[in-house]
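Worksheet for the structure shown next.
Nothing in this text is a laboratory measurement; each read-out follows from the coordinates by a stated rule. If you're wondering where the values come from, they're calculated on a predicted model, not measured in any experiment. Methodologically, a virtual Cβ is constructed for each residue, glycine included, from the backbone with ideal geometry; neighbour enumeration extends over all protein chains shown.
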Amino acid sequence: MHVTVTGATGLIGSRLVRELVARGDAVTVLSRNPRRARESLGAGVECFAWDPESGPPPVESLRGRDGVVHLAGENVAQRWTEDAKQRIRRSRELGTRNLVEGLRVTEDRPGVLVSGSAVGIYGPHGNELLDEQTAAGSDFLAEVVKAWEREADVVAALGMRVVKLRTGVVLDAEAGALAKMLPPFKAGIGGPVAGGRQYVPWIHIADVVGLILAALEDDAWRGPVNATAPEPASNAELSKALGRVLHRPAVAPVPALAIRVLYGEMADIVVKGQRVVPRRALELGYSFRHPQLDEALKSTLA
């Protein structure tokens, strides 16, 4: 395959590019800094300059490709000031709109767009099981994701297949939520957050990549797909599992107030959680590489 990737130097994008190259696929990367992207990803990756908020990408970066994977967007895991909220929404809504416009004017355009999305579209639901048929929520993050997906859906009118990968909490020791959890747990002062009863829609980074590859290759994949492990864990269960894997105690509780003081409104993601299941991926026959939490943690920490 020949695939164009945005957000290629991020947590998911870098792993995806690595696996595509290892398989012998050709990869084109769209980046604000193509020189830095090339240094990070390797000389064998073709790089084009693109600012997602300034306009469409170069037609040459899209023409003749088999698929596009769109992962670019402002980091959600930060304190949600009004300025940060604007950046988070604008990067996804306008960035996707500009990518779609580039696809619109491209002849011999790709057949599929795999667009990043997030389980945040559902909003908080307590212990209720959430799948792709669950109605969208109405909080800030849900509204952002709805706008994000709405822009991606436009490519269907161009005759392209669109898959919206609603990603949960990605387990990777080098970046993301798990990387932030490791220092206190390694020091023996980690533990459940806000009582620990809220669910964490976790997924191993290798399975996020696996889902993207399946979505690129299989014409049956369309619409929203939850990128979460088959068995979501409570925050307390995740803490205990991480303690077991690290051979450290995991009993030091972190009060909800501390998380809210640190992150403000964004703390709702951690404090309330979501019990999301990958119904569609399982229906489509995807076999998870790391479906069990303890094994998934051991794998990413190896």
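Quick look at the numbers
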read-out: Helix 235-246 vs. the chain, principal-axis angle (Cα, 0 to 90°, nearest 10); value: 90 degrees
read-out: Backbone N within segment 179-211 under 12 Å of label point (7 Å from residue 19 Cα along the Cβ vector); value: 204-211
read-out: Distance violations [Cα-Cα > 21 Å] among 146/180; 85/272; 164/272; 85/186; 180/240; 164/298; value: 146/180; 164/272; 85/186; 164/298
read-out: Surface/4 of the Cα convex hull for the chain, nm²; value: 14.6 nm²
read-out: Dimensionless Rg/Rh of segment 69-126 - Kirkwood Rh, Rg from C-alpha atoms; value: 1.07
read-out: GNM top mover of 238, 99, 246 - the chain, alpha-carbon springs below 10 Å; value: 246
read-out: Leading residue at positive end of dipole, segment 1-116 (Cβ point charges), from 99, 76, 49; value: 76
read-out: Equivalent ellipsoid semi-axes - Cα gyration tensor, segment 121-208, angstrom; value: 31, 17, 11
read-out: Distance histogram in 10 Å bins (all Cα pairs of segment 1-126, percent per bin); value: 13, 44, 32, 10, 1
read-out: Point-to-point label distance, residue 128-residue 85, nm (Cα→Cβ direction, 7 Å offset); value: 2.3 nm
read-out: Gaussian network model of the chain, springs between alpha carbon atoms under 10 Å - residue of 285, 159, 223 with greatest fluctuation; value: 285
read-out: Charge context of residue 245, other residues only, Cβ under 13 angstrom, K/R +1, D/E -1; value: +2
read-out: Efficiency of FRET between residue 59 and residue 302 - r from beta-carbon atoms, R0 35 angstrom, step 0.05; value: 0.25
read-out: Sorted by Cβ neighbour density within 10 Å, fewest at the top, the residues 290, 70, 2, 125; value: 2, 125, 290, 70
read-out: Charge tally in the Cβ shell below 11 Å around residue 81, where Lys, Arg are +1 and Asp, Glu are -1, residue 81 excluded; value: 0
read-out: Whole-number D in µm² s⁻¹ for segment 120-170, Kirkwood Cα-pair radius fed into Stokes-Einstein, 37 °C, 0.692 mPa s; value: 271 µm²/s
read-out: Extreme residue, positive dipole direction of the chain, given options 211, 148, 34 (C-beta unit charges); value: 34
read-out: Cβ-defined net charge surrounding residue 124, 9 Å radius [Lys, Arg +1; Asp, Glu -1]; value: -1
read-out: Two-site label geometry, residue 260 and residue 135: point separation in nm, points 7 Å out along Cα→Cβ; value: 2.7 nm
read-out: Mean-position separation - Cα centroids, segment 28-93 and segment 178-257, in angstrom; value: 26 Å
read-out: Debye, to nearest 20: dipole size of the chain, +1 on Lys, Arg Cβ, -1 on Asp, Glu Cβ; value: 700 debye
read-out: Residue with peak Gaussian network fluctuation, the chain [Cα springs, cutoff 10 Å], from 114, 270, 145; value: 270
read-out: Label-to-label distance, nm, for residues given as residue 153 and residue 43 (7 Å Cα→Cβ offset); value: 4.6 nm
read-out: Cα principal axis extents for segment 183-295, largest first, Å; value: 47, 33, 20
read-out: 222 nm mean residue ellipticity, helices alone, for the chain (DSSP H n ≥ 4; -39,500 (n - 2.57); rounded to 500); value: -12000 deg cm²/dmol
